[in-house]
Amino acid sequence: MAAGWQDVLRDAAAVREAAAVAVDAALLAGVLMRTGEQPHASDVVNYAPFTLLPSPVPRALFEQAYAVQQDFNLLVDAISQNKEFLQQTLASTIKVDDFTARLFRIYMQVLEEGLAQTVFLGINRSDYMFDCGLEGRAALRQIEINTIAASFGGLTSHTTDVHRLVLKVLGKTEEASQLLPNNPAKGLALGIAKAWQLYGSQRAVVMFLVEEVQRNIFDQRCVENELWNRNIRVVRKRFRDVFEQGSLDASRRLYMDGQEVAVVYYREGYVPQVYNQQNWEARLLLERSRAVKCPDIATQLAGTKKVQQELSRPGMLEKLLPGHPEAIARIRATFAGLYSLDEGEEGDRIAAAAIADPDRFVLKPQREGGGNNLYGEELKEVLEKIKDSPERTSYILMDKIRPQPALNYLLRAHSPLQVSECISELGIFGVYVRQGQELVLNEAAGHLLRTKAVEHTDGGVAAGVAVLDTPYLL
């Protein structure tokens, strides 16, 4: 932990007072979620879980993560336009992973029909941990890049103010002044607004495609309100609404209940459980439309774990980003060890190595949303079961990252106040807009720090494991 926090951690009375102030400040600032008991009601809410104190982050690694974000935006956009790369990379995965296969079939169907969409909007979040490895010197290592429904850009825009107040209450005014401003909600809305403008219809709306159960609605409202402030009309719809109300005209403009839709911003659609037959039909309707999808289905496929693993192969970045040697060097510097489990000698060797030493690796399926990865004995059991089956190609292996733990208090509603040994994960939001072949916007849009107790191997804030945090740069 930062040296300045040690005195706080030893002072139980000061911690109790600061925690009470922090909870009220979070409620006052709108760091809110609906409750699990009443997930459809906004008249019964509680604060989203967060740390009492901002967590230490090495300044050099924080700056490195920001510096590479525009490069990752460029890379994701390039992958989404490269049919041959996606076909080759996902060929083994779509044989055994039905969800990825169905997404891929829609992708191919839309390409064969011819794209109606001419403006493309990417909102992604590249997530990192700080790997101390065996030498103990911290390095930035990418965990994954989220290309669909990257969340908490709204709530984290208000978390810094809460931590700034907490530090002042604890007598740390100088440290409070050093917390960086952070407003991803504004940056994400800027990208959506640019795509809406380029679509070219003042009457058209932005449609947030949302979950059936919307506990995290306030995070979305932060972005939504930024759009209303720009006089851009926003509607919230679910897949079933699209199925019942959606239609395309002869020019493949998308209409929802008679309103033309300029931009579809997905906060849903990244896990198989949400899709029944009518939802798949709704997804196809959206993809066939002229509306700007964020993401379009090619960009969602670009965020799969198999693509992440393929990017680490020698020479692959050079093929995807010709003429960008400096960007390639910055991207490659963040890669952890990534390994294919495709059928064949190389996959056999990697599977055997992971079974022999499971604590060295993480086993990752083609899923978003947190809580899907496998570690230790569970990793070993699953690999032993599927090692001789084509099913193993639906996973990739990654070197396990070993961050330096720090002490903090994780504030959760109805939970006791106790100190925990914690590790953090840094996400950088990226936004880009492309019109035809011209990239008209490419920016890093803010950051998200999430922290969890060391006993939890996997899972984010929405999964109830990690909590919102603010970086304190060292």
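The values are calculated or read from the model by the stated rules, or taken from the named source; none is laboratory data. Since the model is a prediction, treat every value here as computed from it, not as a measurement. Ideal geometry is used to build each Cβ from the backbone, glycine not excepted, and the neighbour counts take in all protein chains shown. What goes into the accessible areas is simple: the full protein's heavy atoms, side chains included, and nothing from ligands, DNA or RNA. Shrake-Rupley method; radii C 1.70, N 1.55, O 1.52, S 1.80 Å.
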Tabulate in residue order the Karplus-calculated ³J(HN,Hα) for the range 104-114, using 6.51 cos²θ - 1.76 cosθ + 1.60 with θ = phi - 60°, rounded to whole Hz; enter x for Gly and Pro. 5, 5, 5, 4, 5, 4, 5, 5, 5, 6, x
What does the accessible area per residue of the range 41-185 come to in Å², with a 1.4 Å probe and no ligands, DNA or RNA counted? 38 Å²
Among 350-361, 201-212, how do they line up from the highest to the lowest mean number of other beta-carbon atoms within 10 Å? 201-212, 350-361
If you add up the charges near residue 69, with Lys and Arg at +1 and Asp and Glu at -1, over every other residue whose beta carbon is less than 12 angstrom from its beta carbon, what do you get? -2
Using a/c under 1.5 as the rounded threshold, could you call the range 101-185 rounded, prolate or oblate? The axes a ≥ b ≥ c are square roots of the C-alpha gyration tensor eigenvalues, and prolate needs a/b larger than b/c, oblate otherwise. oblate
When the solvent-accessible surface of protein heavy atoms is calculated with a 1.4 angstrom probe, in what order do 312, 177 fall, highest first? 177, 312
Between residue 375 and residue 438, with labels modelled 7 Å along Cα→Cβ, what's the label distance in nm to one decimal, could you check? 4.8 nm
Net charge, residue 407 excluded, C-beta distance under 12 Å - Lys, Arg +1, Asp, Glu -1: 0
Within the chain, what whole-number % of the accessible surface is contributed by carbon and sulfur, with the 1.4 Å probe and all protein chains included in the calculation? 47 percent
Could you tally the net charge around residue 420, taking each other residue with its Cβ under 10 Å from the Cβ of residue 420, Lys/Arg +1 and Asp/Glu -1? -1
If you work out Rg/Rh (Cα atoms, Kirkwood Rh) from the coordinates, which of (i) 0.96; (ii) 0.99; (iii) 1.13 do you get? (i)
Over 10 Å intervals from 0, what percent of Cα-Cα pairs in the range 337-400 sits in each interval? 24, 63, 13, 0
Relative contact order for the chain: what is it in percent, counting Cα pairs under 8 Å that are at least 6 residues apart? 26 percent
Can you list residues whose amide H is under 5 Å from residue 446's amide H, if they're 5+ apart or on another chain and H is modeled 1.01 Å from N? 429
Any idea of residue 248's accessible area? Nearest 10 Å², probe 1.4 Å. 40 Å²
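So which of 194/319; 83/306; 305/385; 168/452; 194/306 end up more than 27 Å apart by C-alpha?
Beyond 27 Å between Cα atoms: 194/319; 194/306.
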Evaluate the charge dipole of the chain about its Cα centre and quote only its size in Debye, nearest 20, assuming +1 on the Cβ of each Lys and Arg and -1 on the Cβ of each Asp and Glu. 960 debye
By how many nm would the segment from residue 213 to residue 132 grow when fully extended, if each residue of separation counts as 0.36 nm and the alpha-carbon distance is taken off? 25.3 nm
Given a Förster distance of 45 Å, the FRET efficiency implied by the Cβ-Cβ spacing of residue 318 and residue 274, rounded to the nearest 0.05, works out to 0.75
Counting sequence-distant residues (5 or more places) and residues on other chains, those with an amide H built under 5 Å from that of residue 179 are none
If the reach is capped at under 20 angstrom between alpha carbons, list the aspartates and glutamates near residue 172, excluding any in the same chain fewer than eight residues apart. 7, 11, 17, 24, 161, 469
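Assuming 0.36 nm per residue, please report the length gained on full extension of the stretch residue 387 to residue 414 beyond their Cα-Cα distance.
Computed gain between residue 387 and residue 414 is 5.4 nm.
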Extension gain, residue 59 back to residue 473 (0.36 nm per residue minus Cα-Cα distance, nm): 148.5 nm
Using the heavy atoms of the protein chains and a 1.4 angstrom probe, tell me the accessible area per residue for the range 337-400 in square angstrom. 47 Å²
Can you list residues from other chains, or at least 5 along the same chain, whose modelled amide H is less than 5 Å from the amide H of residue 143? 127, 128, 129
